[in-house]
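K.L.:
Take this structure first; my questions come after.
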Amino acid sequence: MGTSVQITPLCGVYSESPLSYLVSIDGFNLLIDCGWNDHFEPSILQPLSKVASTIDAVLLSHPDTLHLGALPYAMKQFGLSAEVFSTEPVYRLGLLTMYDQFLSRKQVSEFDLFTLDDIDSAFQNVTRLTYAQNHHLSGKGEGIVISPHVAGHLLGGTVWKITKDGEDVIYAVDFNHRKEKHLNGINPSSFVRPAVLITDAYNALNNQPYRRQMDKEFTDTIKKILRADGKVLLPVDTAGRVLELIQILESCWAEENLNYPIYFLTYVSSSTIDYVKSFLEWMSDSIAKSFEKTRDNAFLLKNVTLLVNKNELDTVPDGPKVVLASMASLEAGFSHDIFVDWANDARNLMLFTERGQFGTLARMLQADPPPKAVKVTLSKRVPLVGEELIAYEEEQNRIKREEALKASLIKEEESKASIGPDVNVSDPMVVDASNTHPLPDVAGPRGSGYRDILIDGFVPPSTSVAPIFPFFENTSEWDDFGEIINPDDYVIKDEDMDQAGMLMGGDMEGKLDDASASLILDTKPSKVVSNELTVSVKCSLLYMDFEGRSDARSIKSILSHMAPLKLVLVHGTAEATEHLKQHCMKQVCPHVYAPQLEETIDVTSDLCAYKVQLSEKLMSNVLFKKLGEYEIAWVDSEVGKAENDTLSLLPLSTAPPPPHKSVLVGDLKMANFKQFLADNGVQAEFAGGGALRCGEYVTLRKVGDASHKGGGPGTQQIVIEGPLCEDYYKIRDYLYSQFYLL
């Protein structure tokens, strides 16, 4: 029997709701993603609350609310205490995303689902991994290896590879195969033939034009509005897709020498860009190579101004401008208020770059046809004054008095409990209370059966650790130059520095943006004042897909290439999920699952796997050959039992071993072989159909594919064609040199 794998969706199936899935591997419970929506509805977390205490580890794939928004709340309310794993950008940018969410809501409501302290506490448990790093779990998860891989979509976005006993479980949602300005795409070749693939159907019905065409339409639309004296608002996330939009605008403005102002407005915009500047190794190859050659950081922004307060935007001169403001849903944040201010002007444009979540203002405005007017609630926090301030202060004073009284009573009870049992009437230093007349100042009734007593002398309580006062002998060692010190006592650990930085708020200088910090430190009594408005929508409304996800054609092609043994579909509308399910059952593999909410499916491998030991007798006669980072060998053996009754591979009892055909091990890249031939003086060029013409007479071509549809084993051959001549044998020898012969 193979590795036992069960999958239970806790949120995010047959809908576009947040993502959260419980994956159990041989009894070890992994929570993959812990998302929440922009409404922060506790009801959708009900399935998570039932299993939170049983979770052994948490894996986070992307730094946005849909993938990690519920983490602080789950740890505070549900008792989730498992170790969390993510990449460094997901950790840092996810932290800033949650800061921005909290600050945006605290300004317009009495938001109490979680606090900044809850966010810090949740992210202190995060273990950060690099791409392709194998992390071996311990304890209950012994034998399980987790590894993050490039997913595209968002900076630090992760495809999780979970391996147990040679079988891979791949979690790949919201991935992108396209290389973008600041991100590389997914590499499907890293995940061929997994035992289980969990992926989403979010884009299964959508196809996209080429990226360059999309970028041009995007910038042309914005320039047209600006040249007509209009303003452009892009509702964006805090630290996700907005980075790609900034790079597109920066490139366009630099190439065309435009001088229209661009503003990036969130509560943590400065901190976001500061962190992103240090994440170049997580970005696209083009950005990394550019930095190596010119030391030019792509996020040293020349045309984008960072703002952390709407008051700063209000003070800039009126006129054409582009503003990227959070939140993308328009439910809260600066984008909500700017929309109310700009919607009434027909010259302006609201440009949406991602689909709004269901039930949000952004989704309502993306309807076809769009509404002519919408009702919105405009809220702001104002300081208390007059009678409200006096009443608030009186209430606070009353609470303080009650707390002080409770503290004094507790202290008194503790004092009586510690001194009472130690009173010994036989001690000559203790005066018997029965023979002492109480003084008016210090004695009197204290409840039923209690009277104060006079104690002449000191009676140590039973809990005392020292006779009178604690005394610690100084055992330091000294030499001729003074006290000998241990240098390790003065080393500041990286974890302590990170923790201290988080407690201060979290950017590179150990502080939040000034405006954000002032909000946190402002302890003046305040209240939220709300007004309902009807906003006439006269401005232009446009949606352009810059979500950074693979489209339907690409998803189907990638799934066919991966060729999983079993496929699990999540996160997508019912129509999209069913469409992709039917396609995959015909073209990818026969075992396709689309579970309902809280439905547990068993996707245990049908393969029979056995653990065997390699006996010393066998290994002593094996000759290994180096293959990259590995050593390989051909082994002829038979299965037997070792002394401890475990299965073991033993040398063949019949000698000599049977002959076997030569095996060539390796993966030839035709482009690399072309370069190899050129280095050895053989002219080579590609002909039609991917064939490689070598010299005048010899042609190489690949036949077959590395993986077949339907889960069949992949076969691939390299055919060498040409007359038997000197060039033929020379090129054949060069070809053999690219492989390892067993």
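The values are calculated or read from the model by the stated rules, or taken from the named source; none is laboratory data. Only a predicted model underlies this, so the values are computations on that prediction, with no experimental measurement involved. Ideal geometry is used to build each Cβ from the backbone, glycine not excepted, and the neighbour counts take in all protein chains shown. The protein model used for the area step is the full one, side chains on, heavy atoms only, and it has no ligands, DNA or RNA in it. Shrake-Rupley method; radii C 1.70, N 1.55, O 1.52, S 1.80 Å.
K.L.:
Go through the range 538-621 and name the trypsin sites (Lys or Arg not before Pro) that are in a DSSP coil and have 12 or fewer other Cβ atoms within 10 Å of their Cβ.
P.N.:
Lys611
K.L.:
Could you report the range 252-364's accessible area per residue, 1.4 Å probe, as an integer in Å²? Each step should come with its number before you reach the end.
P.N.:
Numbers: 4700 Å² over 113 residues.
For the range 252-364, the solvent-accessible area averages 42 Å² per residue.
K.L.:
What is the Cα centroid distance between the range 528-567 and the range 279-311, reported in whole angstrom?
P.N.:
25
K.L.:
With the crude spin-label approximation of a point 7 Å out along Cα→Cβ, what separation in nm comes out for Ile410 versus Asn680?
P.N.:
That separation, rounded to one decimal, is 8.0 nm.
K.L.:
Sticking with this structure for a sec: Skipping prolines and chain starts, which residues have an amide H placed within reach, meaning under 5 Å, of the one on Val236, given they are 5 or more residues away or on another chain?
P.N.:
Distant-sequence amide H within range of Val236: Ala325, Ser326, Ala328.
K.L.:
Moving to a separate point now. What number do you get for the range 330-389 when its Cα radius of gyration is normalised by 2.2 N^0.38 Å, N = residues? Don't skip to the end; give the middle numbers.
P.N.:
Working: Rg = 15.0 Å, N = 60, 2.2 N^0.38 = 10.4 Å.
So the range 330-389 has a normalised radius of gyration of 1.44.
K.L.:
Right, next: Sum up the charges of everything whose Cβ sits under 13 Å from the Cβ of Asn203, counting Lys and Arg as +1 and Asp and Glu as -1, but leave Asn203 out. Don't jump to the answer; show the numbers that get you there.
P.N.:
Details: positive: Arg178, Arg355, Arg549, Arg553, Lys556; negative: Glu16, Asp174, Asp200, Glu354, Asp545, Glu547, Asp551, Glu575.
Taking every Cβ under 13 Å from that of Asn203, the sum is -3.
K.L.:
Could you sort Thr600, Thr115, Thr353 by their accessible area in this structure, using a 1.4 Å probe and putting the largest first? Please report the intermediate quantities before stating the final value.
P.N.:
On the way: Thr600 85, Thr115 55, Thr353 5 Å².
Sorted by accessible area, descending: Thr600, Thr115, Thr353.
K.L.:
What chymotrypsin sites (Phe, Trp or Tyr not before Pro) in the range 612-678 are in a loop by DSSP, with at most 11 other Cβ atoms within 10 Å of the Cβ? Walk me through the numbers on the way to the answer.
P.N.:
Working: sites: Phe624, Tyr630, Trp634, Phe673, Phe676; in loops: Phe624, Trp634.
Hits after loop and neighbour filter: Phe624.
K.L.:
To continue, here is another question. Using a 1.4 Å probe over the heavy atoms of the protein chains, calculate the carbon and sulfur portion of the accessible area of the range 50-169 as a whole percent. Write out the running numbers ahead of the final one.
P.N.:
Working: 1650 of 3660 Å².
Here carbon and sulfur together make up 45 percent of the probe-accessible area.
K.L.:
Using a Cα-Cα cut-off of under 19 Å, which aspartates and glutamates could be cross-linked to Lys400, ignoring same-chain neighbours fewer than 8 residues away?
P.N.:
List returned: Glu388, Glu412.
K.L.:
Sort Phe78, Phe102 from largest to smallest accessible area, using a 1.4 Å probe on the heavy atoms of the protein chains.
P.N.:
Phe78, Phe102
K.L.:
Now, a different point. Could you tell me the accessible area of Leu647 in Å² (1.4 Å probe, neighbours in place), rounded to the nearest ten?
P.N.:
Approximately 60 Å² for this residue.
K.L.:
Same structure, new question: Using only the heavy atoms of the protein chains and a 1.4 Å probe, how would Arg732, Arg105 rank by accessible area, largest first?
P.N.:
Values: Arg732 75, Arg105 20 Å².
Per-residue accessible area, sorted high to low, gives Arg732, Arg105.
K.L.:
Report the full-extension gain for the segment Leu542 to Phe481: residue separation times 0.36 nm, less the Cα-Cα distance, to one decimal in nm.
P.N.:
On the way: separation 61, 0.36 × 61 = 21.96 nm, distance 7.59 nm.
Between Leu542 and Phe481, full extension yields an extra 14.4 nm.
K.L.:
Right, something else. Which of the trypsin sites (Lys or Arg not before Pro) found in the range 632-696 are in a DSSP loop and have at most 14 neighbouring Cβ atoms, other than their own, within 10 Å? If you can, show how the numbers build up before the last one.
P.N.:
Values: sites: Lys641, Lys661, Lys669, Lys674, Arg693; in loops: Lys661, Lys669.
Passing sites in the range 632-696 are Lys661, Lys669.
K.L.:
Given the protein chains as shown and a 1.4 Å probe, how many square angstrom of Arg398 are accessible, to the nearest 10?
P.N.:
Taking all protein chains as shown, Arg398 has close to 90 Å².
K.L.:
Another question, then. At a probe radius of 1.4 Å, what is the per-residue accessible area of Lys702, in Å² to the nearest 10?
P.N.:
80
K.L.:
Another one. Per 5 Å bin from zero, what fraction in whole % of the C-alpha pairs of the range 277-345 is there, up to the bin with the longest pair?
P.N.:
3, 13, 18, 17, 12, 12, 12, 10, 3, 0
K.L.:
I would also like to ask the following. First select every other residue whose beta carbon is under 11 angstrom from the beta carbon of Ile186; then total the charges, Lys and Arg +1, Asp and Glu -1. Numbers along the way, then the final one.
P.N.:
Values: positive: Arg178, Lys179, Arg549; negative: Asp174.
So the environment of Ile186 carries a net charge of +2.
K.L.:
Using the Cα atoms of the range 134-175 to build a convex hull, what is its mean projected area in square nanometres? Mind dumping the intermediate values first?
P.N.:
Details: hull surface 12.4 nm².
Directional mean of the projected Cα hull area for the range 134-175 stands at 3.1 nm².
K.L.:
Kindly flag which residue pairs out of Lys302/Lys538; Lys161/Lys556; Lys179/Lys586; Lys181/Lys224; Lys321/Lys524 have an alpha-carbon separation exceeding 25 Å in this structure. Write down the numbers at each step before the final one.
P.N.:
Values: Lys302/Lys538 32 Å; Lys161/Lys556 20 Å; Lys179/Lys586 29 Å; Lys181/Lys224 23 Å; Lys321/Lys524 35 Å.
The pairs that break the limit, which is 25 Å between Cα atoms, are Lys302/Lys538; Lys179/Lys586; Lys321/Lys524.
K.L.:
Moving to a separate point now. Just for the range 542-687, what percent of DSSP beta bridges are antiparallel, to the closest 5? Don't skip to the end; give the middle numbers.
P.N.:
Numbers: 8 of 12 bridges.
That works out to approximately 65 percent antiparallel.
K.L.:
If you don't mind, another one. How many nm separate the modelled label positions at Gln6 and Ser286, each set 7 Å beyond the Cα in the direction of the Cβ?
P.N.:
4.8
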